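Notes to accompany the following structure.
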Amino acid sequence: MKERLQKILARAGYGSRRTAERLLTSGRVSVNGVRVAALGSQADASVDRIEVDGRRIQVPTEHVYLALHKPAGIVSTARDTHGRSTVLDLLPPGLPPHVLPVGRLDRDTEGLLLFTNDGEFAHRLSHPRYEIEKEYYALVTGVPPARSLTALRRGVDIGGHVTAPAVVEIATAPFGRAERDSHTWLRIVIHEGRKRQVRLMCAVVGHPVRELVRIRIGPLPLGRLPRGSTRPLTARELAAVRAAVGLA
Ligand code: URA
């Protein structure tokens, strides 16, 4: 991603942007071997060789944190071996390299999916040790009786793993979704991230999932972000998520 040179220099530790501007105008900066003195000049720190006084500078990567409202029908792997479109196709252009999804949602699951190029942040958010809550709304067939809800709350065997205690309650349709005859919306909060966990949990008690939406990750709600849209996390949201994973 191209950026103004003074911004890149400041990020690389060459003082404030004002100081970096002075470096530029005094002719001490070169890009790919060519001296650059104009203040509007741009470069791509991930591609170009930027030097100050003939020494290559080290530019820390700019971290990006985005929220996507993933629609159904799109896989969340970074590269699909069958050539289908992936969630990466929904990201805005011009992002730095290696901005990847944090964890996954099934192809037919909708809702909040985060993206970042901050490896430590992504690792912690997905690691069970940090017990980050994930909140889902699941539209299931029928009306689960109290004993099924209790079983889901206590933990059910989803094929060799008994799920940890969860919050499970009958709910009304979340924002933007409809009620359906002979179906029930369940609000489910888990902090594990097993593959197809919510679908397996509901199937085990005899109420398969017809629609699934993730509406929260830790302190971060999906809110009213339209399906298929992305937005950067605000500074306050980022601080809250970082605190939740011990990176405050
Ligand atoms: N649980 C599921 O079953 N699917 C998802 O995509 C996420 C959680």
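The values are calculated or read from the model by the stated rules, or taken from the named source; none is laboratory data. Remember, it's a predicted structure, so these values are computed and weren't measured experimentally. Glycine gets a Cβ as well: all are built from the backbone with ideal geometry, and neighbour counts include every protein chain shown. To get the accessible areas, we keep the full protein, side chains included, count just its heavy atoms, and leave off ligands, DNA and RNA. Shrake-Rupley method; radii C 1.70, N 1.55, O 1.52, S 1.80 Å.
Data for the structure
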quantity: Filter pass, His98 being under 14 Å from the mean Cα position of the chain (by Cα), away from the ligand (no atom under 16 Å from the Cβ) and either open to solvent by 20 Å² or more (accessible area, probe 1.4 Å) or within 19 Å of Leu233 (Cα to Cα) (or both); calculated: yes
quantity: Residue within segment 136-159 that is of a type outside the set (Asp, Glu), closer than 25 Å to Val99 by Cβ and either in contact with a His (Cβ under 8 Å, 6 or more places away or on another chain) or modelled with pLDDT of 95 or more (or both) present; calculated: yes
quantity: Identity of the residue in segment 1-48, hydroxyl-bearing (Ser, Thr, Tyr) and open to solvent by less than 60 Å² (accessible area, probe 1.4 Å), that ends up nearest to Pro93 (Cα to Cα); calculated: Ser41
quantity: Residue that is surrounded by the most Cβ atoms within 10 Å (Cβ to Cβ), among those in segment 51-69 that are touching a residue at least 60 places away in the same chain (Cβ under 8 Å) and out of contact with any Pro (no Cβ under 7 Å at 6 or more places or on another chain); calculated: Leu68
quantity: Selection from segment 72-84 of residues that are over 20 Å from Val213 (Cα atoms) and either in contact with a strand residue (DSSP E or B) (Cβ under 9 Å, 6 or more places away or on another chain) or open to solvent by less than 50 Å² (accessible area, probe 1.4 Å) (or both); calculated: Ala78, Arg79, Asp80, His82, Arg84
quantity: Pairs with Cβ under 9 Å, 6+ apart, first in segment 207-222 and on the phi > 0 side of the Ramachandran plot, second open to solvent by 20 Å² or more (accessible area, probe 1.4 Å); calculated: Gly218/Tyr130; Gly218/Glu133; Gly218/Lys134; Gly218/Ala240; Gly218/Ala244
quantity: Single residue of segment 120-157 satisfying the filter (among the hydroxyl-bearing types (Ser, Thr, Tyr) and within 16 Å of the ligand (Cβ to nearest atom)) that is nearest to the chain's Cα centre (by Cα); calculated: Ser126
quantity: Output for segment 107-119, where each listed residue is within 12 Å of the ligand (Cβ to nearest atom), crowded, with 17+ Cβ neighbours inside 10 Å and in a loop (DSSP other than H, G, I, E, B); calculated: Thr109
quantity: Complete set of residues in segment 215-229 that are part of a strand (DSSP E or B) and open to solvent by less than 50 Å² (accessible area, probe 1.4 Å); calculated: Ile215, Arg216, Ile217, Leu220
quantity: Enumeration of residues in segment 162-214 that are within 16 Å of the ligand (Cβ to nearest atom), open to solvent by less than 40 Å² (accessible area, probe 1.4 Å) and assigned to a loop (DSSP other than H, G, I, E, B); calculated: Thr163, Ala164, Ala166, Pro174, Arg177, Glu192, Val205, His207
quantity: Residue list for segment 63-95, filter: closer than 25 Å to Thr234 by Cβ, out of contact with any helix residue (DSSP H, G or I) (no Cβ under 7 Å at 6 or more places or on another chain) and charged (D, E, K, R); calculated: Asp89
